[in-house]
Amino acid sequence: MADSKVQRRVCVVLLCGGYLEDYEVMVPFQALQAHSVSVDAVCPGKKAGDVRRTAVHQSSGHQTFSESPGHNFSLTATLVKLNSTNMAAW
């Protein structure tokens, strides 16, 4: 008897801003992809292929921190062109 279960591919939309915290965008993006989750990284007013800068904040002790440049993060989709029928929740 054939298996009647239909596998649905999981797709996540990662909403990004103009300037990103490296650990808040790179880690979830790569971790989800490592688990075969399709991730669309989008930013309002930007299109797929546009680059967003990230920053790395490190604690310097005594309630202070330093900010260093992180990655150049490329958006993978355009927000206005997303197809919401592929999403589990929108």
For the condition within 22 Å of R9 (Cβ to Cβ), hydroxyl-bearing (S, T, Y) and surrounded by fewer than 10 Cβ atoms within 10 Å (Cβ to Cβ), what is the one hit in S36, S74?
S36
Over the stretch 5-20, the set of residues outside any strand (DSSP E or B) and either hydrophobic (A, V, I, L, M, F, W, C) or modelled with pLDDT of 85 or more (or both) is V6, V10, C16, G17
Hey, could you check the stretch 39-66 for residues that are at pLDDT 90 or above, over 10 Å from the mean Cα position of the chain (by Cα) and in a strand (DSSP E or B) and say which is farthest from N83 (Cα to Cα)?
V56
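The values are calculated or read from the model by the stated rules, or taken from the named source; none is laboratory data. All of these numbers come straight from a predicted model, not from anything done at the bench. Cβ coordinates were reconstructed from backbone atoms using ideal geometry, including for glycine residues, and neighbour counts include every protein chain displayed.
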